[in-house]
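The values are calculated or read from the model by the stated rules, or taken from the named source; none is laboratory data. As the structure is a computational prediction, the values presented were derived from the model and not from experiment. Cβ placement follows ideal geometry from the backbone for every residue including glycine, while neighbour counts extend to all protein chains displayed.
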Amino acid sequence: MHNGRRWSRTRRAFMASLLTLPALRSRAGADESTTPSSVFRRAAPPIASANDVLSIMDFEPLARAALPPAHFGYIATGADDDQTVVRNHEAFSQYEIRAHRFNDVNRIDTMRTVLGKTWNSPIYLSAVSAMRAFHADAELAVARAAHTRSTQLMLSTGASTAAESVQEACGAPIWQQLYPTDVWAVTEGIIRRAQNYGCSAIVLTVDSRGTRNNETLKRAMQVDNRRCLDCHPGNSHDMWRRGPAFAGLDVSRVTTLAPFDQTVRFLDRVRAVTKVRLLIKGIVTGEDAAVAVAQGADGVIVSNHGGRNEETLRASIDCLPEVVAAVRGRVPVFFDGGIRRGTDVFKALALGATAVGVGRPQAWGLAAFGQPGVEAVLDILNRELTTVMRQVGTPSLTTIKRELLVRAARLPA
Ligand code: FNR
């Protein structure tokens, strides 16, 4: 894997070109004269360590600077015009929080029981593939951060490190995310291997079928002048051709990450061979949530894959209420997409999420600082969550209720 330092000469030109891409415009594209820092006479000192980072979005430009173009583009990309990525985060601002003043908030408790386990925080690390593209320590750095912060880790099928080593570094059972592929023997092989190494859940991702138009990634690859073939033999980025999760499995007939006929029957088949908990990731409607529960899912994950697969323009947080309503408390409802602040976590919990996952923030933290970067991402989000809980008068997660949110009055209903 290439070292980011080797590409510093091309980085400046690349960064300028990236600012034309919607998903990459967020911080670096802001007009300097209008940023809050412009009110100060002195420029802020350079960020030298993860401890200097103030908020999650500050990691994004650091990751951009640390990575070669195509690898940063892989994190940033959405589908088509990246508008769903943008909306995933912006939609949180449509919810305002109603703060109460007369509650005892001496003690703030962020503990939650999830599938029979006690978590210190309702925040987990969602699946992010190919982490060696972001840092030499890759998934091991993330697993060590998960260990020091007692955080649940979901490992991608496309991980660049063998799951057994990741679980060992994590020191606790991880969740194995599953891209089933269109060959059943491969699907079964991944599940059996994960159960053998001791994962506590299989997370079947159901939102990734066929091709997707990751235009921002494609543009980033166009301006990346490295020899991609050195790391991607045959110019294939298909994870089943290189991922450790597929080692020892016959992938010669695999053509896609999921069968096109991923019907109820397919869910039944996966359920039948899954002896641990089965979570279904990528649910965005109440109807599908009801199907997942009826087929025996132990939990559903509201997610549009961080806006990377299809440009629906529907923010993930806007999908949460109908899923919670359809599930009717029978299984936990997890959530991911656009979480960048503790207040975002708070709002998702208020709308009924049991716990929330982060994708890009952990990749940014990893790219910028390795393990300490991922730890800082978790620390910042947890600190901000505790802060908003105290301010709003909610001493425990169970006191965070739907009534504490209102839709912003300045926007049309
Ligand atoms: C992902 N995501 C993802 N999801 C999944 O089920 N399997 C996977 O292998 C991956 N890989 C992956 C790579 C990268 C670079 C990103 C950014 C995301 C999606 C991820 O688990 C999560 O659903 C979203 O990232 C959540 O949105 P945010 O937090 O990125 O806004």
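Brief remarks follow.
One line per residue, one yes/no per condition, for (1) among the acidic types (Asp, Glu); (2) surrounded by 20 or more Cβ atoms within 10 Å (Cβ to Cβ); (3) within 11 Å of the ligand (Cβ to nearest atom); (4) at pLDDT below 95:
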site: Arg271; (1), (2), (3), (4): no, no, no, no
site: Thr274; (1), (2), (3), (4): no, yes, no, no
site: Lys281; (1), (2), (3), (4): no, yes, yes, no
site: Ala292; (1), (2), (3), (4): no, yes, no, no
site: Gln295; (1), (2), (3), (4): no, no, no, no
site: Val302; (1), (2), (3), (4): no, yes, yes, no
site: His305; (1), (2), (3), (4): no, yes, yes, no
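- Subset of the range 314-339 [away from the ligand (no atom under 15 Å from the Cβ) and either part of a loop (DSSP other than H, G, I, E, B) or in contact with a Phe, Trp or Tyr (Cβ under 8 Å, 6 or more places away or on another chain) (or both)]: Arg328, Gly329, Arg330, Val331, Pro332
- Taking the criterion of being within 13 Å of the ligand (Cβ to nearest atom) and small (Gly, Ala, Ser), the residues of the range 132-162 that qualify are Ala133, Ala138, Ser156, Gly158, Ala159, Ser160.
- Residues (in a loop (DSSP other than H, G, I, E, B) and either surrounded by 10 or more Cβ atoms within 10 Å (Cβ to Cβ) or in contact with a Pro (Cβ under 9 Å, 6 or more places away or on another chain) (or both)) located in the range 97-119: Arg98, Ala99, His100, Asn103, Asp104, Val105, Asn106, Arg107, Ile108, Thr110, Met111, Leu115
- Note on the range 212-259: among residues that are modelled with pLDDT of 90 or more and loosely packed, with under 14 Cβ neighbours inside 10 Å, the one that is nearest to the chain's Cα centre (by Cα) is Lys218.
- Comparison of Ala258, Ala290, Ala297 shows that the only residue that is within 23 Å of Ala355 (Cβ to Cβ), assigned to a loop (DSSP other than H, G, I, E, B) and either free of Cβ contacts under 8 Å to residues at least 24 places away in the same chain or not acidic (Asp, Glu) (or both) is Ala297.
- Looking only at the range 356-372, and only at residues there that are over 15 Å from the mean Cα position of the chain (by Cα) and crowded, with 24+ Cβ neighbours inside 10 Å, the one that is nearest to Val85 (Cα to Cα): Ala368
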